[in-house]
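We did not get these values from a lab; they are worked out from the coordinates using the rules stated. Everything quoted here is computed from the prediction, not taken from an experiment. Glycine gets a Cβ as well: all are built from the backbone with ideal geometry, and neighbour counts include every protein chain shown.
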Amino acid sequence: MNRKITIAIDGYSSTGKSTIAKQLANKLGYVYVDSGAMYRAMTLFAMNNKFVGPSFLDKESLLQNLEDATLDFQFNASLGFAEMYLNGKNVEKEIRTLDVSNLVSTIAAISEVRKKLVAIQKEIGKNKGVVMDGRDIGTVVFTDAELKLFMTSSAETRAQRRYDELIEKGQDVSYEQVLKNVLERDHIDTTRKDSPLIKADDAIEIDNSSLTKEEQFAMILKLVEEKLRNV
Ligand code: CDP
């Protein structure tokens, strides 16, 4: 059990990828990387600089200023995971709003943005011992990951989970708005030209619509332990 592996978790929006990724990282003593947080932080950067809004995208200006966005993760010991920082500022709260969710897939479809973020992700994971979740982790970022998972569940289940999360955080959203966002992002993420969301051939598909968090964790931990016995 000494050799470290890479665990890549991909899937549609709000499929509980980050929940299982955090559970696994804590259990194994691995680093958890939320690649979606990076795309969300880049979106916030673009919004703050008026490069993108609900009805416009100034791609040229965004690309000209791409280097001005510095992203890094800082571990928060009391939370047990790393938080996202944009140009030295903790943006964890801001990047989880529906406003950011409504624009993130547009920004994530831009190849230059992906190139910048994928390079950072590869660097973080170069020594293995990483659990990373996103849309292209098993297909682009870590094609050689020892364990690849592809998470699915019904759009309604996913929207309900995300709606509950946002309400808990005190955000003023309706279930219909959240469902619309989930469906729109699924569409953009699966149909974009660069690194579309697709199940890697060697990924294990897990539909967690009717699994509790505990059942899902127990099931996936078995898969991890099996891999660790064979590396
Ligand atoms: O939490 P949720 O599953 O809703 O989304 P997220 O993981 O925070 O990702 C937000 C958005 O970033 C996705 O809808 C994708 O457009 C984009 N993304 C991506 O393109 N590639 C990744 N590896 C991760 C996220």
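Structure notes:
- Partner aspartates and glutamates for K169 [C-alpha distance under 14 Å; skip if fewer than 8 residues away on the same chain]: E92, E94
- Antiparallel %, DSSP beta bridges [both residues in the chain], to 5: 35 percent
- The angle between the Cα long axis of helix 17-28 and the longest principal axis of the Cα atoms of the chain comes to about 40 degrees, rounded to the nearest 10.
- Under a Gaussian network description of the chain, with springs only between Cα atoms under 10 Å, the residue in I206, I167, I188 that fluctuates furthest is I167.
- With K and R counted +1 and D and E -1, the other residues having a Cβ less than 14 Å from that of K89 yield a net charge of -3.
- Alpha carbon centroid spacing (whole Å) that separates the stretch 1-24 from the stretch 140-190: 15 Å
- For the residues N49, N76, N102, a GNM of the chain with alpha-carbon springs under 10 Å puts the largest fluctuation on N76.
- Candidates A155, A37, A119: whichever shows maximal mean-square fluctuation once the chain is modelled as a Gaussian network with Cα springs under 10 Å: A119
- Basic side chains Lys and Arg get +1 at the Cβ, acidic Asp and Glu get -1 at the Cβ, and with that the dipole of the chain about its Cα centre reaches some 500 debye.
- Computed over the stretch 6-221: relative contact order in percent, which uses C-alpha pairs under 8 Å that are six or more apart: 33 percent
- Proximal lysines relative to K116, as straight alpha-carbon distance under 27 Å, when same-chain residues fewer than 8 apart are discounted: K4, K17, K22, K50, K59, K89, K93, K126, K128, K148, K193, K199
- Folded to 0 to 90 degrees: helix 155-168 orientation relative to the chain principal axis, Cα: 70 degrees
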